[in-house]
Ligand SMILES: [Zn+2]
C-alpha cells in the first residue's frame, strides 16, 4: 500500500497540519518528515521507495536547503516514478528558486495577487480534474498566490485563480510533479458558521484532493457509483399542476431513463381523483413520491418545539402510508422540508422518530445553530450526517451544471430540485439536465431517489483484499460484482446515546461494535452479490399527540387552497400578477 510523507523543515506549520487533516478526511494518513541538515533533502528523496508519494513544503524547505541539494534532489526525482506535490504558501525569492529548480525550470516563480474572486478548472486532455474540467466557481474575494509558468515546458494548468495558474502538473523525468500555490489550506476540522465558508474556499482544498486521488487511487475514500435524482416540490397527484403536464413529463422520463420524485404534502393524502392516481401508477417505473413537510405551513420544520416536531414525523409518515394504500404509489421514506428550512430540534426529531431515512434539502445545516458545529470534513461526505447521525442529501436548483459537477466530484449524488415554473416549456429543461449529466458522468445511475441514497457510500482500500465502507442510511444496499475474496468493514455514524437493537446483513443478525460515535461490523464475501444491510433503531415516540385545534386546521386548509390557486391560476395568467402580491401577503398571515 502506498504512503504519504510531508517533508518540511523546522516546525509543522498550521498549513501543513491542515493538509494532514485534509488528507486524513480523504482516507490517507500522512507522516511528517523533518529536514534538519542543509543537505539532507536529496538523501530523504533518495530513500523514498516506489510506494511513497511526497509533499515538499517550499516555504520551510527553501529556508534550509542549499542550491546544490535541490539540484541533487531533482536529479533523483527524474529517475523515479514518484508523485510529488510542491506546496508553496509564500511568494519569496527562496520559494520561487525552490520551485524553479525542482520543476526543471518549468516554473519561474510565485506572484502574490491582491484580490481574486474566481476559481476555474480548465478542460485538459488528461482530465486530471475529473468532473470539474471546464467549470468555474466563485471564490471568497481576497489575496492569493499564482504561479509564473514558462511557456513550452509542458506545464498542464489544472486550476486558475482569475485566469492565472495556481495548481499545475509537470513531468520531471519519471516523476509527476504537482505544484500548488495557496495562501491557506482549509482546516476541515474547524467548525463552520455557514456552508458558504466551505463552498467559497474550494481552491484551499480541491487541489489537495486531486493530488491525493491521482497518487493514491482506491486508497482514498471514493464513491464508486454516483447516482442522480430529481425532486419536484408541492404538486398534487393530478395530471396537470401549474405548468406541469405530468403525462408529458413522465413520458419523457421513461424515454430518457430518468426518475421523478414528487415531494408530496402529506396533508393532501385524501385528495385527488382515482383516474389521476391510476395514470401515475402506470408510470411507477419512473415515478414515486416522498414526504414534503407534514401540513406544509410556513417554516414548519424551522420550529424549535421538539415534541410537536416528533409528532409531525409520525403524522406525516401515517398520511403517506394512507396515500400509498389509497393509490398504490411507491412511497419513498425521505423528507423534504418546506422552504428548505429546519431547526436543530427538527434534526433530533427526524433522528429519534426513525420515520424517514434521510432528508433531501438545499441546506446541510440547521438554521438555528447558536455556535459553529459543522466541519468541512462533514461536507466532504456524500451525505452530511453529523447531527444525530441523520443524513442530509444536498439537492440543487438548476442554474448551470457547475454545482452538479462539484457534487459528483465529491462523490455526492446529483439531485435536482424544481417547482412547477421550471416546466413552462414542458420537460425540455429536465431533458437538457439529464443529457448534460450523462456527459459529465456517462455511468451515472438514475433510480428512485430512495434507491440512490440507500446505495450511496464511500469506499477505500486499506490493504490487499480489505476495504472500509462508509454508509449513511439505516437501510443500505451494496452491489458487489467482483468474484475476488474480500473483507469489508461497514461503518455508519450513530451517536453513542442512540439505541441500536439489531444489525442484519441479508436478513441475518450480525454482531457490531460501537466506538467514537461510529457503528461498525465486518463481513467477508467471495462472490458477486447484493448485500442488504438494515439497522434496527427503536423509534422515540411523542409523549402526547395533542390536537392542533380547529383554527390551525382551517389555516392549513386555507394555505393549501391559496397556494394551489397561486400555482394553477395566477402563475399561468399574467393579468393576475397584481393579485399574486395580495395572495403572498395572505399566505404569510396563514403561515402560523
Ligand atoms: Zn413546498
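Values quoted throughout were computed directly from the atomic coordinates according to the rules given, and no laboratory measurement underlies them. Computed from a predicted model, the values in this text were never measured in an experiment. Cβ: placed from backbone, ideal geometry, glycine included. Neighbour counts: every protein chain shown.
Sorting the segments 450-463, 199-212 by their mean number of nearby beta carbons within 10 angstrom, highest to lowest, gives 199-212, 450-463. Computed from the Cβ-Cβ distance with R0 of 51 Å, the FRET efficiency linking residue 49 to residue 475 stands at 0.75. Could you work out the percent of alpha carbon pairs in segment 347-448 separated by over 18 Å, rounded to a whole number? Beyond 18 Å sits 55 percent of the P(r) for segment 347-448. Spatially, segment 135-176 and segment 3-51 are offset by 22 Å when compared through their Cα centroids. Going from the fewest other Cβ atoms within 10 Å to the most, the residues 267, 398 appear in the order 398, 267.
In degrees, nearest 10, range 0 to 90: what is the angle between the Cα axis of helix 306-327 and the longest Cα principal axis of the chain? Tilt of helix 306-327: around 70 degrees. One chain, two ends: residue 508 and residue 114. Fully extended at 0.36 nm per residue, the span grows by 135.8 nm beyond their Cα-Cα distance. Counted residue by residue at 0.36 nm each, then reduced by the alpha carbon distance between them, the extension gain from residue 552 to residue 171 reaches 130.3 nm. By the beta-carbon count within 10 Å of each Cβ, the least crowded to most crowded order of 401, 159, fewest first, is 401, 159.
Can you give me the C-alpha center-to-center distance between segment 485-555 and segment 94-110, rounded to a whole angstrom? The two parts, judged by their Cα centres, are 53 Å apart. Helix 246-256 and the longest principal axis of the Cα set of the chain meet at an angle near 30°.
Both radii come from the Cα set of the chain: Rg as radius of gyration, Rh as Kirkwood radius; their ratio Rg/Rh reads 1.02.
Using the 10 angstrom Cβ neighbour count as an exposure proxy, how do 508, 221 rank, fewest first?
Ordered from fewest to most neighbouring Cβ atoms within 10 Å, 508, 221 come out as 508, 221.
Given their separation in residues at 0.36 nm each and the Cα-Cα distance between them, residue 37 and residue 67 gain 9.5 nm when the chain is fully extended. Report note on the peptides 509-517, 405-413: ranked by the mean count of other C-beta atoms within 10 Å, highest first, their order is 405-413, 509-517. The long axis of helix 67-78 is offset from the longest Cα principal axis of the chain by roughly 60 degrees. At an R0 of 25 angstrom, the distance between the Cβ atoms of residue 248 and residue 482 translates into a FRET efficiency of 0.05.
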